[in-house]
Amino acid sequence: MSGRPALHRPGTAAVVSARSVTDGSVTPVFPTVREVLALDPVRHGAPRLVAGEAGLDRPVRWVHVAEVPDIASLLGGGELVLTTGIGLPADDAGLRAFIGDLADVGVSGLVVELGRRYLDGVPRVMAAAAERRGLPLAELRRATPFVRITEAVHGLIVDAQLTELRATEEIHQRFTELSVEGAGPGEVVRQAAELSGCPVVLENLSRQVLAYDPAGESAELLLDGWEQHSRRIRPAGRTAYDADSGWLVTEVGARGQDWGRLLLRWPAGGDLATVRPRRGAAAPEALLGRPSPQFVPPTRLTILVERAASTLALGRLIRRDAEGLERQMHRTLLTALLDHSWPVDEVALRAKALGVTLERRPLVGVMIRFRVDGAAGESTPAGEPGPPTAPARLRDLAEAVEHALREARLAALSSAVDDHAVGALVALPDAASEEKALAAFAAALRRARLDGSTGARVEGAARPDGAGRVDGVRSEAGSRIDGPSRGDLPRQAGRGPVPAPTYPVIIAAGSCVGSLREARRSLIEARQIADAARRDRRDLSIFRLPQVGLAGLLHLLRDEPRVQTFVERELGPLLGYDAQHPREQLLDTLRAYLEQGRNKSAAAAAAHLSRPAFYERLARIGRILDVDLDSVDACLSLHVALLALDAVRTP
C-alpha cells in the first residue's frame, strides 16, 4: 500500500470539495477563477485580467451567461458571469451600479467578450469599480463560444465529485484493512500521512506524542515545543479545524472515554496560497499570509482523520488487556536500541516527544526480572484462585517499575523487553548522581507493593483497561510482587485472608554511559548481569557487574564456544559415565567434594554417604577423569568447569 498516491497535496490545481467544520455546513470548493482562466476554451479567447487580481482564488460554482443589467437578482453567489456587454448600461453610474450589484451578491468574477459592445476594451469606469470591489474582471479579446467554457467548467465540477467519491472510498478501504490487520498506532498514523500528504501527530491527553509522521517535512521542527504548541490548539467540536494554527483535530476514544487527539496540519508546509475560500468570502485573507476561518480543509481530510481516529480507538479496545500506548512506544524504542532497528537520532527524537530527554545525559541500563520464570512450582490450595499468569505478573512488574521511576523522579524509557524482564534506560541528571539515583529507584521499587501488614495501595499508574490497580514489587532476594490488597484476598474459613504468592525479583544495572549511542552496551550488560544473578542468593538491592562473581562471569560467557569446549574437556568423561549409570551420579559427588573445600569427611556427610563409600567414589572419579583430586590446581579447574556447566544449563 505504500506506493499509492496521496489523495491531496496543497499546491496542486486539483479540484476538491471540503466541509466547514466550524458550523457543520457542507460547502463545496470548486475551481477558482484563476483555474478557469487557464482552461483551453478560455485561453482561446486571449483573456486579459483588467481588475480584481486579489479575487482570482475565489471558487466558481457555476458559469452563467447574461446580457441584461439586472441579472444580479437572479444569482445566488459564486457564479462566473459571461457577457458580450450588449445589454449593459451606457452611462458611468449604471456601470458602477452593475458592478456593485454583482459584487454584493457574491459572484466570483465577470468575463466580457470584446467586439460587439466594446471594441478595444471595457470602459475604465467599469474596471475601476471592479478593482475597488475586488471583483475579478477579464476581457476576451477574441470571439469565443460561451458554451465551450460552460461545458469545460461544469465538466471539472462533475469530475471533482467523482474524484471525491473515489478518494472517500479509498480512505474507508484503507482503514478497514488496517482495522482487520490490527495495525498499531504508528502504522495508522503513517497511512494517514501518506493518504493526506500532510504531517499527522497522535498525542495523549497530556499532550505527549505517541506517534507521528512528518510527511517528508522536518520532524525536529514539527515536534519542537510540541506540548506548549498543542495546548494552544483548541478548536470547538469533536472534529474541528483550528484556522489560526492550521491543524485539523479530532478526539480519539470510544465508549465515551477519550484518551488522545489526532492532529493533521493543513495546508502542509504552510502553503496558504492554495487554501480555498468558502463561497461568498469578501476577500481571500489567506493570500495575506494568515488563514481565515472561512478557509477550511477538504472534506476528504475530515473523513480521513475521523476514520483514522476510529481505527485507533478500535485497536485500543482490542488491546485493552495489553500494554498502554505509551508503554508500547517505550518498548518499541528500547527494542530499537537493543536490535539496532532504528537510527539513534530517531530514537532520541521519539523519546523526547514522549517527554524523555536522552540526549546529552548520562544513561544507565537497568533490568528487573524474576528469579524463576513463569509460575512453576507454585501450588494452589483446592478451591483457591491460582497464581497470576506469567504475562500478568510481567505486566504488574512493568507497572510497578514505571511507578517507582516516577516516585524517584527519574526520566526513563521503561517496558517489558522480553517474556521475563522489564528494562529501563534511565537518564541521570549528571554522572555523579548515578549511585544515588539507582538507590532511590530500588527503594521506590521496594515501596511499590501491597504490603500484607499495612494494606498500602500504590496509586497513579492505571492499567490500560482502566482497572487502576498496580501490584507492588519488592526488589530484594526473597522479596515479592504481591497480589490484591488485603480486602481483595479470598478468606479461608476461620483463618483470615489467604496470603499473596511471592515472586523474588532481581534488579541489575549496567555501566553508566555518556551518550545514547552507547546505551545498547549498558542495556545488554544489565540483562546479562540479571541473568547471572539468578544463581546468586545474596540479599542485594542492585546487582552490578562487580557483584556477579565467577559464577556470574561464566554465565555471561555461557554461549562462548571456548567455555563449552572447556566444560567438555574437563567433565565430558564423567558426564558420559553418569549417563550410562544414572543411579550413581558421580557428578554430584564431585560437586559436594569441591563445595566443601576438599574436606572429605564434610563432603561425605553432605552427600549422605559413608566415608568409605565416598572415598571409593572419589577414587573412581579420579580414574574416569584421569586427575589427582588431591591437587589444588586440578580441583580448581574442575570447580570452574562445574560452575560453567551450571551456567550453560541455566536458561
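A few comments on the model shown:
- Using only alpha carbons, the range 324-374 has a radius of gyration to Kirkwood radius ratio (Rg to Rh) of 1.03.
- Solvent-accessible heavy-atom area per residue, rounded to whole Å², over the range 62-216 at 1.4 Å: 42
- Separation of alpha-carbon centers, the range 542-568 and the range 132-176, rounded to whole Å: 74
- Kirkwood hydrodynamic radius of the range 25-93, from inverse mean 1/r over distinct Cα pairs, in Å: 13.7
- Taken over the range 106-196, the alpha-carbon convex hull comes to 150 cubic angstrom per residue.
- Alpha-carbon Debye profile of the range 612-651, log10 I(q)/I(0) at 0.26 Å⁻¹: -0.88
- Theoretical FRET efficiency, 1/(1+(r/R0)^6), r = Cβ-Cβ of Ala54 and Thr176, R0 45 Å, to 0.05: 0.55
- Taking the square roots of 5 times each eigenvalue of the Cα gyration tensor of the range 109-261, largest first, gives ellipsoid semi-axes of 48, 22, 14 Å.
- Sorted largest first, extent of the range 557-620 alpha carbons per principal axis (Å): 38, 27, 16
- Share of pairwise Cα separations in the range 148-211, more than 17 Å, in percent: 58
- Using a simple spin-label model with pseudo-atoms 7 Å out from Cα toward Cβ, Tyr615 and Asp244 lie 9.7 nm apart.
- Computed extension gain for Arg517 through Glu568, at 0.36 nm per residue and net of the alpha carbon distance, reaches 14.6 nm.
- The stretch between Arg623 and Glu560, if pulled fully straight at 0.36 nm per residue, gains 19.8 nm over its current Cα-Cα span.
- Reducing the range 599-635 and the range 29-65 to their Cα centroids gives an inter-centroid distance of 104 Å.
- Projected label points at Leu575 and His44, each 7 Å from Cα along the beta carbon direction, are separated by 9.1 nanometres.
- Surface/4 of the Cα convex hull for the range 502-576, nm²: 7.2
- Over the range 73-122 - Rg/Rh using Cα atoms and the Kirkwood inverse-distance radius: 0.96
- By the compact-protein rule of thumb, 2.2 N^0.38 Å, the alpha-carbon radius of gyration of the range 45-145 corresponds to a ratio of 0.94.
- Between Thr357 and Gln257, the FRET efficiency estimated from the beta carbon spacing at R0 = 30 angstrom works out to 0.50.
- Taking label positions 7 Å along the Cα-Cβ direction at both Ser341 and Val125, the computed distance is 7.7 nm, reported to one decimal.
- Equivalent-ellipsoid semi-axes for the range 586-628 (Cα gyration tensor, √(5λ), whole Å, largest first): 15, 11, 8.
- Subtracting the Cα-Cα distance of Arg409 and His154 from 0.36 nm times their residue separation leaves 85.4 nm of extension gain.
- Centre separation in Å (Cα based) which lies between the range 202-231 and the range 98-117: 47
- When the alpha carbon gyration tensor of the range 528-641 is reduced to an equivalent ellipsoid, the three semi-axes, largest first, read 28, 18, 13 Å.
The values are calculated or read from the model by the stated rules, or taken from the named source; none is laboratory data. Keep in mind that this is a model prediction, so the values were computed, not measured. As a convention, Cβ positions derive from the backbone with ideal geometry for all residues, glycine included, and neighbour counts pool all protein chains shown. All accessible areas refer to the heavy atoms of the entire protein, side chains included, with ligands and DNA or RNA removed. Shrake-Rupley method; radii C 1.70, N 1.55, O 1.52, S 1.80 Å.
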